[in-house]
There are 2 protein chains.
Amino acid sequence: MTVTETETADEAVEPDVCTTGEAPHPQPDGRDRYTISEVAAICGLSAHTLRWYERIGLMPHVDRSHTGQRRFTNRDLDWLGLVGKLRLTGMPVADMVRYAELVREGDHTFPERHQLLVTTREDVRHRIAELQETLAVLDFKIDTYAAARRLPERPERTA
Amino acid sequence: MTVTETETADEAVEPDVCTTGEAPHPQPDGRDRYTISEVAAICGLSAHTLRWYERIGLMPHVDRSHTGQRRFTNRDLDWLGLVGKLRLTGMPVADMVRYAELVREGDHTFPERHQLLVTTREDVRHRIAELQETLAVLDFKIDTYAAARRLPERPERTA
DNA sequence: CGCTTGCTTGGAGTGCACTCCAAGTTCGTA
DNA sequence: TACGAACTTGGAGTGCACTCCAAGCAAGCG
């Protein structure tokens, strides 16, 4: 419910906006135009990767300065935040590009976007469950090693 | 504590055994020699991948029939179960090979193995936390789309 | 015995997600 | 204005984890 409070609330609901429900990107000094290396530093991707994301359509066409250099906006940063989260889920880049295309296509793709996110959410829940099973296995094996350390076959308790 | 009951309990603690704390592999009819395609069907890896695992040292040298064909044991199946779990964590194959080497090297590698598993466990906990954050973001965005559906910009409630 | 299916090997090929290169342009500061 | 750092592009290269191929051997069946 901590919705962006700095936003001009002229639109009530706009799901294609890049917001993730977290505070919008920290705007160090109210700026809204970042160079590629600044963005790389902020979001942890390389400049190479950012250019590549744009080339393949995973970024919604970044604005340019009058000399042709990229100038990323806070909105771009928010989008990259969402992309980063989706990437953590293991979603293939191609699927994220698909989502980006749907956003560009306009409001009539809301249902498909909704469906894509719901499916992804199920995947994430499944992965969490898998990881928790794995955690149990690791706990078991770590206990086993700890037990072996307490009861060594050749006692070396003094060493 | 549900340790293998079919095992000749001549060793009290044996961490390098492949057991994962779960029941040992279901032995359909008490067999202990499986062909490569049977193992592929059981553990969901391709025969190609199983051969590759052996080649790179991720399998502890599979036994052969008198004509040179692979014959996997229940113990191999259990090891593959552990490998599968570790793979789910995103652990690189090279690290799993390292673990397999430690197992082959003998008991004196217990501490390093223990450390490797503890580190992996921390990674897994971290990934679970990341995924849960991602889940929160997905919930937020899905809610947003659901709200957009309830309040469409061009009302089409009858359609 | 012949046929089909499955297994063996080393090595080559694939798909993904970057990651880097070369050659040229622009920015910021001394 | 000069200079090094940062930026631009298309295209090529890298590393990982498989995935497949070709040529040949082996097993079961009519």
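How many residues does the range A:40-74 contain that are more than 12 Å from DNA strand C (Cβ to nearest atom), touching a residue at least 40 places away in the same chain (Cβ under 8 Å) and assigned to a helix (DSSP H, G or I)? Residues in the range A:40-74 being more than 12 Å from DNA strand C (Cβ to nearest atom), touching a residue at least 40 places away in the same chain (Cβ under 8 Å) and assigned to a helix (DSSP H, G or I): 1 in total. Of the listed requirements (1) surrounded by fewer than 16 Cβ atoms within 10 Å (Cβ to Cβ); (2) more than 10 Å from every other protein chain (Cβ to nearest Cβ), A:Thr109 misses just one: (1). Remark: B:Asp78 falls outside the filter, which requires a residue to be within 16 Å of DNA strand C (Cβ to nearest atom) and on the phi < 0 side of the Ramachandran plot.
Given the structure, is A:Met96 within 16 Å of the chain's Cα centre (by Cα), of a type outside the set (Gly, Ala, Ser) and within 14 Å of chain B (Cβ to nearest Cβ)? Against the criterion (within 16 Å of the chain's Cα centre (by Cα), of a type outside the set (Gly, Ala, Ser) and within 14 Å of chain B (Cβ to nearest Cβ)), A:Met96 qualifies. Just one of the listed residues (B:Arg113, B:Arg125, B:Arg55, B:Arg75) is within 16 Å of A:Ile128 (Cα to Cα) and under 21 Å from the mean Cα position of the chain (by Cα), and it is B:Arg125. Looking at this structure, is B:Gly68 within 10 Å of chain A (Cβ to nearest Cβ) and among the small types (Gly, Ala, Ser)? The answer is no for B:Gly68. Would you check if there is a residue in the range B:81-93 being away from chain A (no Cβ under 14 Å), in contact (Cβ under 8 Å) with a residue 40 or more places away in the chain and within 13 Å of DNA strand C (Cβ to nearest atom)? No: zero hits. Against the numbered list (1) over 16 Å from B:Arg55 (Cα atoms); (2) surrounded by fewer than 20 Cβ atoms within 10 Å (Cβ to Cβ); (3) not hydroxyl-bearing (Ser, Thr, Tyr), B:Val97 comes up short only at (1).
In the set (1) under 17 Å from B:Ile36 (Cα atoms); (2) free of Cβ contacts under 8 Å to residues at least 24 places away in the same chain; (3) within 14 Å of chain A (Cβ to nearest Cβ), the condition left unmet by B:Leu102 is number (1).
Each row is one residue, and each column tells you yes or no for (1) touching a Gly at 6+ places or on another chain (Cβ under 9 Å); (2) closer than 25 Å to B:Asp32 by Cβ; (3) modelled with pLDDT of 95 or more.
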position: B:His61; (1), (2), (3): no, yes, no
position: B:Asn74; (1), (2), (3): no, yes, no
position: B:Val83; (1), (2), (3): no, yes, yes
position: B:Gly90; (1), (2), (3): yes, no, no
position: B:His108; (1), (2), (3): no, no, no
position: B:Asp139; (1), (2), (3): yes, no, yes
position: B:Tyr145; (1), (2), (3): no, no, no
position: B:Ala148; (1), (2), (3): no, no, no
position: B:Arg154; (1), (2), (3): no, no, no
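The values are calculated or read from the model by the stated rules, or taken from the named source; none is laboratory data. These numbers were taken from a predicted model, which means no experiment stands behind them. Here Cβ is always computed from backbone atoms with ideal geometry, including for glycine, and neighbour counts include all displayed protein chains.
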